[in-house]
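Enquirer: Attaching a single structure in C-alpha cells format; questions to follow.
The values are calculated or read from the model by the stated rules, or taken from the named source; none is laboratory data. On a predicted model such as this, the values are computed, not experimentally measured, just so you know. Heads up, the Cβs are rebuilt from the backbone with ideal geometry, glycines too, and the neighbour counts pull from every protein chain shown. Heavy atoms of the whole protein, side chains included, go into the accessibility calculation; ligands, DNA and RNA do not. Shrake-Rupley method; radii C 1.70, N 1.55, O 1.52, S 1.80 Å.
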Amino acid sequence: MVVRRPPGRRAQILAVAADRFHRSGYHQVSMTEVAAGVGITAPALYRHFRGKPELLDRAVRLGLDALACGLRGARTTGDLGAALAAVAVGHRPLGTLVQRDARLLPPARRAALRRELRADVALMTAVLRAGRPELPLPDAEFLCWSALSACTGLSYQSVAPQPRRAEAVLRELVATVLAASPGGAAAHPDPAVHPGPAAVPAAGPVAPGSPEPRPQARREELLAAAVRLFHQRGFDNVSTDQLGAAVGISGPSVYRHFDSKAQLLAASLVRSREGLWQEVDGAFAAAAGPEAALAAGLGAYVGFALRNGDYLGAMLSETERLAPPDRRVAVDFRRDFLRTWVGLLRRVRPEYDAVEARIRVHALFALVNDGVRNRPHSARPDLGNCLLHLGRAVLGLPGTDGGRVPAPR
C-alpha cells in the first residue's frame, strides 16, 4: 500500500517551524513540537527534513526567496515599499529568524545568507539611485538597509496587526526612509547622540604588575565581557574559560562572582537594561512637553545604542536562553518600554491609532538596533546623527521630512 503525502506538506512544516522558532527561539523548539504542530509524528517529519538545522535553513531561505522575487520586479521606490511590506507581513517570523537564529546555521550557510541580503540591498540601491541620482552610493545603501530594518520591526510585535493595515503603514514607512537624507554631519555631532563613555566599563585582561581589582570591579568587568561575548559568539559558544580570559582570570574563578553562566547572562542583561532605562527615562523627565520628551528620548536611545550595541544584540538573541523567571522579567521590561514610547508618540501624533504607533515604534527600534551593528555602515562617523534623523522621520516628528509623504511615483 502506498501512503501519499498531502500536497504542500513541506510548506506547512516550514510555516509551523518558522512560527515556533520565532515565538520561542530555536533552542527551545524540538522536532517533536514541530511535528505536533503539523499533526504528524516526528518520524514522519524526518522524512521531509533531516533535522532542526535544515528546518531553520529552509525557513529562512523561503522568506529570503520571497524577498528577492519581489525586489527583482521593482522599478520604483513604491515597488520597493510594496515588496518589503508584503514580505514583512507574509513572512513575519523572517526578521527574528535572520537577526537572532540564523547565526546558529553552519558557517557556509551564514555566509550565503549574508550574500543574499547584500544582493537584495544592491537591487534596492539601484532602484533608489535611479530616482535619486544625486545620492552617493554609501548613503543610498544606508537608506536601503534602514528601510529593510524598519520592516523587520514587525517581527517583534507580540500580536500581528491586520495584514492590509500593516502593509499600508510599512509602505509609507519605506517611502519615508527612502525619501530622507541621511542627515549626518560628522564635523558637528549632535551632543544628544555623541558616543561618549560606555555605560558599562569595557573589560580586558589586567596588565602584569597591576593591583588586583576589588571584587565589585571584577564583577563589573565580567558583566561587560559577558554582554560582548554572548552577543558576538552566542551563549552556547562561550565557555567560562573564555569569560575569565577576557578579564584576566581563570575560568573557575568566574564562579567566585556568579553561580553559573546562566546567572551571568541574566545579570549582564539586567545591568544593561537598567542603564538604558535610566538614560531614556531621564531624558523624558527633563523635557518640557510630549514632543520635546519624545525627541529627547530618541536622542538618548540612539546615544545608548551607539555605546551598547553588544547589549542590544544580546538582548535580541539571548533572551530565550534565560531561565523562565528571568525571561519573564526581560519580556515585561520590553513590553513596558514599548508601551511608554507608543503612549508618548500618540500624544504627539494623535492621528496615529495604537496599531500605527506600535508599528512605527518597533520600526524605530529595529532601525537603530541594526544601524549600530551593521557594518560597514556602523562605522560611519556621522552615524548617530543619521540614525537620529531617520528616527525622527519614522516617528513622524514635526520638523523633519518624516511626516506623511506623498504617494510614491
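Enquirer: Hey, what does the equivalent ellipsoid look like for the chain, semi-axes from the Cα gyration tensor as sqrt of 5 times each eigenvalue, largest first, whole Å?
Expert: Calculated on Cα positions only, the semi-axes equal 33, 31, 20 Å.
Enquirer: Let me see the pair-distance distribution of segment 206-355: every alpha carbon pair, 5 Å bin width, integer percents in order.
Expert: In whole percents, the pair-distance histogram is 2, 9, 17, 17, 16, 13, 10, 7, 5, 3, 1, 0, 0.
Enquirer: With +1 assigned to the C-beta of every Lys and Arg and -1 to the C-beta of every Asp and Glu, and no other charges, what is the dipole magnitude of segment 98-186 about the Cα centre in debye, to the nearest 20?
Expert: Once rounded to the nearest 20, the dipole reads 340 debye.
Enquirer: For the chain, with only Lys/Arg (+1) and Asp/Glu (-1) charged at the beta-carbon, what is the dipole magnitude about the Cα centre, in debye rounded to 20?
Expert: Roughly 1360 debye for the chain.
Enquirer: What length, rounded to one decimal in nm, is gained on full extension from Arg110 through to Ala44, with 0.36 nm per residue of separation minus their alpha-carbon distance?
Expert: 21.0 nm
Enquirer: Would you work out which of Ile249, Gly299, Gln263 lies farthest towards the positive end of the dipole of segment 229-316? Charges go on Cβ: Lys and Arg +1, Asp and Glu -1.
Expert: Highest projection toward the positive end goes to Ile249.
Enquirer: From the Cα trace of segment 322-395, what convex hull volume per residue do you get, rounded to a whole Å³?
Expert: 97
Enquirer: Running a GNM on the chain with Cα contacts under 10 Å, which residue among Leu395, Leu338, Leu383 ends up with the highest mean-square fluctuation?
Expert: Highest fluctuation among the options: Leu338.
Enquirer: Here's another thing I want to ask about it. Just want the answer: with Cβ charges of +1 for Lys and Arg and -1 for Asp and Glu, which residue in Leu338, Leu128, Leu94 is farthest toward the dipole's positive end in the chain?
Expert: Highest projection toward the positive end goes to Leu94.
Enquirer: Mind computing the radius of gyration and Dmax over the alpha-carbon atoms of segment 14-85? Å is fine for both.
Expert: Just the Cα atoms of segment 14-85 yield Rg and Dmax of 15.3, 47 Å.
Enquirer: Accessible area of Tyr46, 1.4 Å probe, to the nearest 10 Å²?
Expert: Roll a 1.4 Å probe over it and Tyr46 shows about 110 Å².
Enquirer: Could you tell me what % of all Cα pairs in segment 275-409 have separations over 24 Å?
Expert: 31
Enquirer: Further, regarding this structure: Mean residue ellipticity at 222 nm from the helices of the chain, using -39,500 (n - 2.57) per DSSP H segment of n ≥ 4 over the full residue count, to the nearest 500 deg cm²/dmol?
Expert: -21000 deg cm²/dmol
Enquirer: Mind putting together the pair-distance distribution for segment 36-144? All Cα pairs, 10 Å bins, whole percent per bin, short to long.
Expert: 13, 37, 30, 13, 5, 1
Enquirer: Report the residue, chosen from Thr152, Thr77, Thr340, that carries the largest GNM mean-square fluctuation when the chain is represented by alpha-carbon nodes joined by springs under 10 Å.
Expert: Greatest mean-square fluctuation among the candidates belongs to Thr340.
Enquirer: Given the Cα-Cα distance of Met31 and Arg339 and 0.36 nm per residue of separation, how much length would full extension add, in nm?
Expert: Result for the pair: 107.4 nm of gain on full extension.
Enquirer: Compute the Cα gyration tensor for segment 109-176, then decide on rounded, prolate or oblate, letting a ≥ b ≥ c be the square roots of its eigenvalues: rounded whenever a/c is under 1.5, prolate when a/b is larger than b/c in the other cases, and oblate in all that remain.
Expert: Cα axes put segment 109-176 in the oblate bin.
Enquirer: Given the C-alpha centroids of segment 51-83 and segment 322-395, what is the distance between them in whole angstrom?
Expert: 24
Enquirer: Please give the length that would be gained between Ala122 and Glu291 if that part of the chain were fully extended, namely 0.36 nm times their separation in residues minus their C-alpha to C-alpha distance (nm, one decimal).
Expert: 57.2 nm
Enquirer: Still on this structure: Quick check for me: using +1 on Lys/Arg Cβ and -1 on Asp/Glu Cβ, what's the dipole size of segment 220-374 about its Cα centre, in debye to the nearest 20?
Expert: 180
Enquirer: Here's another thing I want to ask about it. Which of the helices in the chain, when you take each full DSSP H run, stretch at least 27 Å along the axis at their Cα atoms and have an average Kyte-Doolittle score of -1.0 or higher?
Expert: Both cut-offs are met by 52-72, 107-131, 261-286, 324-348.
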